[in-house]
Amino acid sequence: MSGKDRVEVFPSRMAQTIMKARLKGAQTGRNLLKKKADALSMRFRQILRKIIETKTLMGEVMREAAFSLAEAKFAAGDFSATVIQNVNKAQVKVRAKKDNVAGVTLPVFEHYQEGGDSYELTGLARGGEQLARLKRNFAKAVELLVELASLQTSFVTLDEAIKITNRRVNAIEHVIIPRIERTLTYIVSELDEREREEFYRLKKIQEKKKQVRERAEKEMAARLAKLGPIAEPANLFKEEADEDLLFE
Amino acid sequence: MAGRGKLIAVIGDEDTCTGFLLGGVGELNKNRKPNFLVVEKDTSITEIEETFKSFLARDDIGIILINQFIAEMIRHAIDGHMLSIPAVLEIPSKEHPYDASKDSILRRAKGMFSAEDFR
């Protein structure tokens, strides 16, 4: 990565104002992103806790369902093969809905029934009641599992979103803002130096002017001294007779 | 956006699959391919992994239920699946009760745990 660099800009007062505005913008952006990351993290932890609860609950529900399966097998004989052969259309399906949390769209599963029960006639011979109970138990388990799946997808999506947001916050904090600050210091230092140069130049010019003036005065004095008093230029007020006037 | 319905796929032992099929999740699609796989003692790991990958590739499957002991066998494939849909859920089987420390989702969150413990 390029180390200590700054934005290439011509150092002027306007550039300084622009950079200051940019710095302000970067800081505001960083704060907003941090707030977003915090909100997402909070939601994330909530979801995680819910997931743990639901998973433990699911363990129990599955155990109960497995029991009822054993009971049904005992009562109705082995129906696994029949069940597996008779698959054609699913009655329970899920839909993906979008939920919005702090600007992040989370997918949420919603289960719905479609069509009738294709296993209505199974267990007609014997064990019908156990089979019905088994179906109910597994339907309940499916509902719980759909809810768990929603939680899990939200979890994964939030995880990604939090990582991205944190990455952006860090980028602004450790790369963008220092760069702008370095640019500002550079501009300020350049402006200062220019002022100093200007000041120095002015002083030099003043000195030069003084020297020229002194030399001019010296020359004047030397010329005056050579020519003597006659060197006084013609004075209109002191004149007595003007030879050009014919008639007085 | 409530779109067309997605299916729930199952990869499990015979009892798990039977139970869920009775719950009504089973379907054969146009090519007579089922959305479930019954894993026996002699099913090879490659076959399980292939089925898992094919379920992931199908866009009409929203959730994949998988027994935890089978998930252990193809742990690397499951850990490599980073997308949020389809959701991969690990469920216990009759012989192997639910073990939270092996769940791939909870392991990802291990860093976030402070006072939470697997109860």
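The values are calculated or read from the model by the stated rules, or taken from the named source; none is laboratory data. Keep in mind it's a predicted model, so treat the numbers as computed, not measured. All Cβ positions, even for glycine, are placed from backbone atoms using ideal geometry, and neighbour counts span all protein chains on display. SASA here: full protein model, heavy atoms, side chains in, ligands and nucleic acids out. Shrake-Rupley method; radii C 1.70, N 1.55, O 1.52, S 1.80 Å.
A few points about this structure:
- Any hit, region B:23-33, residues being away from chain A (no Cβ under 11 Å), without any contact (Cβ under 8 Å) to a residue 60 or more places away in the chain and open to solvent by less than 20 Å² (accessible area, probe 1.4 Å): no
- Filtered residues of region A:118-136 (kept if touching a helix residue (DSSP H, G or I) at 6+ places or on another chain (Cβ under 7 Å) and either without any contact (Cβ under 8 Å) to a residue 40 or more places away in the chain or more than 8 Å from chain B (Cβ to nearest Cβ) (or both)): A:Y119, A:G123, A:R126, A:G127, A:Q130, A:R133, A:K135
- Boolean, A:L145 is at pLDDT below 90, of a type outside the set (K, R) and open to solvent by 10 Å² or more (accessible area, probe 1.4 Å): no
- Take the conditions (1) in contact with a strand residue (DSSP E or B) (Cβ under 6 Å, 6 or more places away or on another chain); (2) modelled with pLDDT of 85 or more; (3) within 19 Å of B:V25 (Cα to Cα); (4) surrounded by 16 or more Cβ atoms within 10 Å (Cβ to Cβ); A:A90 misses just one of them, which is (2).
- Residue list for region B:75-119, restricted to those being within 7 Å of chain A (Cβ to nearest Cβ), part of a helix (DSSP H, G or I) and either at pLDDT 75 or above or open to solvent by less than 40 Å² (accessible area, probe 1.4 Å) (or both): B:A100, B:I105, B:A109
- Residue under evaluation A:A102, criteria (1) within 11 Å of another protein chain (Cβ to nearest Cβ); (2) surrounded by fewer than 18 Cβ atoms within 10 Å (Cβ to Cβ), criterion not met: (1)
- Residue count for region A:85-99, restricted to those that are at the interface with another protein chain (Cβ under 7 Å from one of its Cβ atoms) and polar (S, T, N, Q): 2
- Residue ID - surrounded by the fewest Cβ atoms within 10 Å (Cβ to Cβ), chosen from residues in region B:1-22 that are of a type in the set (D, E, K, R) and part of a helix (DSSP H, G or I): B:E14
- You will find that of A:F74, A:F79, A:F109, the residue that is within 8 Å of chain B (Cβ to nearest Cβ) and either modelled with pLDDT of 85 or more or surrounded by fewer than 19 Cβ atoms within 10 Å (Cβ to Cβ) (or both) is A:F109 and no other.
- Evaluating A:R45 against the criteria (1) facing chain B (nearest Cβ under 8 Å); (2) at pLDDT below 85 leaves one unmet condition, (2).
- Residue count, region B:34-54 (criterion: touching a residue at least 24 places away in the same chain (Cβ under 8 Å) and either over 15 Å from the mean Cα position of the chain (by Cα) or at the interface with chain A (Cβ under 7 Å from one of its Cβ atoms) (or both)): 2
- Qualifying positions in region A:148-157 - in contact (Cβ under 8 Å) with a residue 60 or more places away in the chain and either open to solvent by 20 Å² or more (accessible area, probe 1.4 Å) or not small (G, A, S) (or both): A:L148, A:L151, A:Q152, A:F155
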